[in-house]
Each structure stands twice: as structure tokens, then as C-alpha cells.
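The values are calculated or read from the model by the stated rules, or taken from the named source; none is laboratory data. This one's a predicted model, so the numbers in the text were calculated from it and none came from an experiment. Heads up, the Cβs are rebuilt from the backbone with ideal geometry, glycines too, and the neighbour counts pull from every protein chain shown.
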Amino acid sequence: MPKRRAHQWRTLRSLVQHAHAHIPLYQRLFAEAGFTPAMLDDWDDLSKLPFLTKPDLRTATRADLIAKDNRDDIRWLSSSGSTGIPASLARTEDSLWHYMACNTALYYDWCQGKPISNGFYLVDMARDSIDFAAADLLSTTVPDSRIFSVHDPVAKLTRELLSIAPEFISSYPSTLRAIALDLRAQNRVMKKTRLIHLTSEMLDAHTRHLLGQIFPNARLIETYTSTEGGLVAWQCVQGSRWHIAEANVLCEIVDENGLPTNDLGHIVITDLTNTATPILRYRGLGDLARWEPEPCPCGNSARSIRHIEGRSAAMLRARGGALISPYVITNAIEEVPGLAQYQVVQKQPGMLEVRIVAEARASKNRVESGVQAALESALERAADLQITFVSTIAASPGSHKVPLVISELPLAA
């Protein structure tokens, strides 16, 4: 632990000095905050380093984001915009290889050192995505015939999955959920699949339950990744907590005022692997979590967080303005009979629009009354409900993600 902490400190200092000397974006942010690298003497000074936000990245030009004399091999990447605002940055090829190496090491652990050759990989193939860059590196060991685009039609992906009958699947929760719904409609169960890796999005209880039905023999493993931070954390195989990838990132949890907290707070990360566009105290992930103070039974000494409790852009608000976790919604209606797919959208405090796709043979009246009763009980009437039946719920243009809960409220609402 002391060696790991010393590594983090040395790397942080080096990145801060590099950003101050060479990266125009940070030169401006540091000047506005009155910060210089000399002010960073020990960990107590970390709060003097200003936060980096999603708008900072979104409004910066490429010239702002990288050193004028950069000589590293880099790739320009764009975040998926799952918080509503995509942002661009440059990553060194070394940092991408580091990202792949860490994920590969985890995969070997999941397989007890015996990798599964019969795999099926669902990847965002947009050329500026971090997953496309990872897939490019992955193709050195995995045949292209096993790597598929999440933008392909669900029916095609389902056919390919049935044809291959993989033992291992790597996917995003929303993509595999759509395939699982298709398989359930066909009364198909994938008994050969024994390991499923899910990443990039939070796995809600409803999707977990569905995947358990369609892939009954599969163990589900999650990683917490982002374009800005690479591999941030992974789910412990012995429980629900998440271990921070402390060789890769420095992780903080802060309250609304930007102060460290042991309660539920905003995840802030510093990427320790990328020097092209340094990511220092980045508050733009939009995820909420809390520290797990107890040592992990698995023996790993890395700091850990309890399950990631939501994305601030998906947090809902009751009539009086109190926050409602999206998991209150997803956990409440996961068992409603006849519910094939749903999405909850909030446009004003105290009002929720619930969009429902019912199973073909289900009674819409029963589905509606089941959803109404489950949500009224869970919300304790903190919000009014407007339930609407739709034929399908699709991802936003240019995105592969189908969020279950969306807040269109300003963050300050």
C-alpha cells in the first residue's frame, strides 16, 4: 500500500508539472484558480488542484488539449456522451496498451488462468471510441469474426450469438439486454455461456435478472471504464464492492461542495496512465458512489467503493426537490409480469413519464396496473406518473446506449 501510494504521488506530481508547462487548457485552469505545481507539497494540498469538468473538455480545441511539441503516438477519442455531453481528448498508444493489459489480466483472473477461446465481443465501432481503439488492439489475439458492432441490428446480433453459442461474452448491458429480450421472445436459453463481462454502463437489477434467465449458467462480471479514465474499477469476484484500479487512477469521492466525503458523493478521477491529454481531478463522469471502509474478504488491498449508486444525470427529483436514485425505479419494477422493456423520463420535478413495451401476450391493463402499484409503493407518492405504451424504445442517434432512467432537468433544478 505505501508503495502504491508513493507511485500515485510521483505520477500525479509529474502529470501536474507537465500540464502546467505544456497543456494550454490547464495553463488557463491553473491560472484562474491561482494554482502552481509548487503548491502541491503533500496529499493535504490535493484540494488546491482545480477540478476538470466535462464542459472544460467539450469547449476546448484540440490545440488546447495537447502539448504543441507532442511527439507521442496518440489517438483522438470522444466519450459516448452518456451524461448528455460528449467530450474529446487525446490518448497515447502506451496508455491504450496499458488499458488492454489491465483488462486482460482481469480476464485471466476471472478464468482462473485458463482463457476461454469461444468468445463473442460486442463493441462500439465508432472510430473515435475507446472501445474501437481497444478492439483494434484486441484483434491481435481475437479473430475479427468474433468482434461485432453494437450498432448492428439486434436480430443480426442474436443470429450470430445463436450460431456461435459462445462460452464467454463481453458487452454493454443495454446491448446484451436487447439481445436477451429477443432470445426470450424466441423461447431460447443460452446454457453454454459461462462468463459474461459487462462494462461502460451500470448493470441494473432488471437487466441482471433478465440475463440470469437467458444465460442461466453464466457468471456476471463488471468493470467500470470510461474514455477519460480508462479502467477505473472492477467488481470483486467475492462480493458487490468495486476495487479501484489504483495503478491506473487516483480516485476521490467529494460532496456537492467539492470536499471529501465518506457519504454518497461524486466520483472524481485522475488518470495516471495518459500524458497526451492529462485528466486531473476530473469530475465529469457524473457517477455517484461511497467508500467501502471495511477490508475486502478477497485480500486485495486496493481501496474499494460500494456499488456505483447512479449517475447524477439520471438522478430524479421529487416534488419538494429531494433526490431519487434511479435504482429506486429499476429495482421496483423488475418483477412486474409482462414488462418487456421500459424507460423513465423526467422533464419536471415530481412528474415521471414511464414508457413501456409490453410482452406480446401480456395484458396491457395488468402491466400498467403492476407498474403503477410498484412505483407508487417505492416512491411513496413523491412523484406523479404518466404511463405510456410504445412499440419500441431505441437508443439516441449516434449512441448504442438505451438508458433506463433519464432526467432532462438542469443539474441545479
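Residues that are of a type in the set (A, V, I, L, M) and outside any strand (DSSP E or B) were ranked within the stretch 225-271; the one that is surrounded by the most Cβ atoms within 10 Å (Cβ to Cβ) is A245. Residue check: L176 meets all listed conditions (1) touching an Asp or Glu at 6+ places or on another chain (Cβ under 9 Å); (2) closer than 18 Å to Q341 by Cα; (3) aliphatic (A, V, I, L, M) but one, namely (1). Of the conditions (1) surrounded by 15 or more Cβ atoms within 10 Å (Cβ to Cβ); (2) outside any loop (DSSP other than H, G, I, E, B); (3) in contact (Cβ under 8 Å) with a residue 12 or more places away in the chain, D128 clears all except one; give me its number. Among (1) surrounded by 15 or more Cβ atoms within 10 Å (Cβ to Cβ); (2) outside any loop (DSSP other than H, G, I, E, B); (3) in contact (Cβ under 8 Å) with a residue 12 or more places away in the chain, the lone unmet condition for D128 is (2).
For V371, the test of being at pLDDT 85 or above and surrounded by 17 or more Cβ atoms within 10 Å (Cβ to Cβ) is passed.
Residue count for the stretch 272-292, restricted to those that are at pLDDT below 90 and in a loop (DSSP other than H, G, I, E, B): 3.
Can we say H209 is outside any loop (DSSP other than H, G, I, E, B), at pLDDT below 90 and surrounded by fewer than 22 Cβ atoms within 10 Å (Cβ to Cβ)? Steps first, please.
Values: outside any loop (DSSP other than H, G, I, E, B): yes; at pLDDT below 90: yes; surrounded by fewer than 22 Cβ atoms within 10 Å (Cβ to Cβ): yes.
Judged against the criteria, H209 is a match.
In the stretch 348-357, is there at least one residue being of a type outside the set (V, I, T), under 28 Å from the mean Cα position of the chain (by Cα) and part of a loop (DSSP other than H, G, I, E, B)?
Filtering the stretch 348-357 down to residues of a type outside the set (V, I, T) leaves 348-353, 355.
Subset that is under 28 Å from the mean Cα position of the chain (by Cα): 348-353, 355.
Narrowing further to those that are part of a loop (DSSP other than H, G, I, E, B): 349-350.
Yes, some residue in the stretch 348-357 is of a type outside the set (V, I, T), under 28 Å from the mean Cα position of the chain (by Cα) and part of a loop (DSSP other than H, G, I, E, B).
Considering the stretch 51-66, and only residues there that are surrounded by fewer than 19 Cβ atoms within 10 Å (Cβ to Cβ) and either out of contact with any strand residue (DSSP E or B) (no Cβ under 9 Å at 6 or more places or on another chain) or among the hydrophobic types (A, V, I, L, M, F, W, C) (or both), the residue that is nearest to L29 (Cα to Cα) turns out to be F51. Residues that are hydroxyl-bearing (S, T, Y) and either in a helix (DSSP H, G or I) or outside the structural domain of T59 (by TED's automatic domain parsing) (or both) within the stretch 28-45 are absent altogether. On the stretch given as the stretch 310-326, residues that are in contact with a Ser or Thr (Cβ under 7 Å, 6 or more places away or on another chain) and modelled with pLDDT of 80 or more total 1.
Checked against the criterion of being without any contact (Cβ under 8 Å) to a residue 24 or more places away in the chain and closer than 22 Å to G229 by Cβ, the candidates F51, F35 yield just one match: F35. Being touching a Phe, Trp or Tyr at 6+ places or on another chain (Cβ under 7 Å) and either at pLDDT below 85 or surrounded by fewer than 14 Cβ atoms within 10 Å (Cβ to Cβ) (or both) is a property that holds for P115. Of all residues being modelled with pLDDT under 95 and over 18 Å from F132 (Cα atoms) in the stretch 188-206, which is surrounded by the fewest Cβ atoms within 10 Å (Cβ to Cβ)? Just the residue, please. In this case the residue turns out to be A205.
Only one entry in I356, I305 is in the same structural domain as L210 (by TED's automatic domain parsing), of a type outside the set (F, W, Y) and crowded, with 18+ Cβ neighbours inside 10 Å, namely I305. A count restricted to the stretch 264-282 and to residues that are in contact with a helix residue (DSSP H, G or I) (Cβ under 8 Å, 6 or more places away or on another chain) and closer than 11 Å to I253 by Cβ stands at 1. Restricting the stretch 157-173 to residues that are assigned to a helix (DSSP H, G or I) and buried (at least 21 other Cβ atoms within 10 Å of the Cβ), the residue that is modelled with the lowest pLDDT is P173. One residue stands out in the stretch 1-50 among those that are closer than 26 Å to A247 by Cβ and among the polar types (S, T, N, Q): the one that is surrounded by the most Cβ atoms within 10 Å (Cβ to Cβ), namely Q8.
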